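Starting off with a structure, shown below.
Every number here is computed from the coordinates shown, using simple stated rules; none is lab data. Since the model is a prediction, treat every value here as computed from it, not as a measurement. Cβ atoms come from the backbone with ideal geometry, glycine included; neighbour counts cover every protein chain shown.
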Ligand code: PLP
């Protein structure tokens, strides 16, 4: 079955020409995006992802292209037309198409809206979580507004490719003070030898992960102490556990950092439990 994409109000075969050459998303990465995991037809953490989408648009002064209700219909219709129940759904909004010029285009320029969906097997994600993943570390060379979910992801792309070429799943990015900011497409966590969960606070230099926020809530509800602060690689190497969170990885244990085992080298019990708790609660949000 041909995959279907939503582009500016139309449902088209994914390979149909649909976006114009002077679209600002293409010319300047002048665009934002969101990602939802869908399980059994339900969008996980839908509200949080919409809230962040509106924040990203507002921070970049991109007009809202459609109401949230209309976007929600389009997301669900894209899923339906692709006949998917377990999926990853992507939404991009660009500032629209206009003669190339760095400054904003005319106020009546319509943003471009693109939605795509693809199958994502929960079994594959669960198997990965049962094995745990390896991460490498790379300097964080991104811009100073990583809290905005823009499609300007070149530094993330290069670091992820380094991870792939090293046989790792993710790259953790490290700031100039030696602290981990986050992964290329995930937030980064450790569990210290005292059992304290540590993840970086939400400032301008990390994405405000929707899954991160839900996992903090779940962890605190279970009685864990969560410290929102940066951690160094030394702390990560001494940690009992490490894990990543994101819409697509949920909570996934990290078992190796730069070739060195984390803890006993097996997925940690805290991360494994938080993955279960997250999955159990995310349908409702
Ligand atoms: N950090 C970065 C850089 C990301 O790209 C993502 C997700 O795409 C995340 C963190 C995790 O965010 P969320 O939990 O909202 O998917």
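Between the stretch 73-121 and the stretch 3-32, what is the C-alpha centre distance in whole Å?
7 Å
Pop a pseudo-label 7 angstrom from the Cα along the beta-carbon direction at both residue 154 and residue 67 and give the gap in nm to one decimal.
4.0 nm
If you don't mind, there's one more thing I want to ask. Sort 76, 85 by Cβ crowding within 10 Å, fewest neighbours at the top.
Numbers: 76 17, 85 12.
Lowest count first: 85, 76.
State whether the stretch 125-284 is rounded, prolate or oblate according to the following rule on the C-alpha gyration tensor (a ≥ b ≥ c being the square roots of its eigenvalues): a/c under 1.5 gives rounded; otherwise a/b larger than b/c gives prolate, and the remaining case gives oblate.
Taking the square roots of the gyration eigenvalues as a ≥ b ≥ c, the stretch 125-284 is rounded.
Normalising by the residue count of the stretch 90-129, find the relative contact order in percent from Cα pairs under 8 Å and 6+ residues apart.
The value is 45 percent.
Suppose the chain between residue 196 and residue 35 were pulled fully straight at 0.36 nm per residue; how much longer would it get relative to their current alpha carbon spacing?
Details: separation 161, 0.36 × 161 = 57.96 nm, distance 2.91 nm.
Full-extension gain reported as 55.1 nm.
For the chain, what does the convex hull of the Cα positions come to per residue, in cubic angstrom?
Spread over its residues, the Cα hull of the chain gives 129 Å³ apiece.
Next question. Calculate, in nm to one decimal, what residue 176 and residue 126 gain on full extension: separation in residues at 0.36 nm each, minus their alpha carbon distance.
Roughly 14.6 nm would be gained on extension.
Based on the Cβ-Cβ distance of residue 8 and residue 104, what FRET efficiency does E = 1/(1 + (r/R0)^6) give at R0 = 25 Å, to the nearest 0.05?
Plugging the Cβ-Cβ distance into 1/(1 + (r/R0)^6) gives 0.85.
Continuing with this model, one more query. Assuming R0 = 35 Å, what is the FRET efficiency of residue 80 and residue 19, from their Cβ-Cβ distance, to the nearest 0.05?
Details: r = 23 Å, r/R0 = 0.64.
Computed FRET efficiency for residue 80 and residue 19 comes out at 0.95.
Next question. With a point put 7 Å past each Cα toward its Cβ, work out how far residue 264 is from residue 226 in nm, to one decimal.
2.6 nm
Neighbour counts of other C-beta atoms within 10 Å: give me 254, 196 arranged from fewest to most.
Fewest to most other Cβ atoms nearby, the residues stand as 196, 254.
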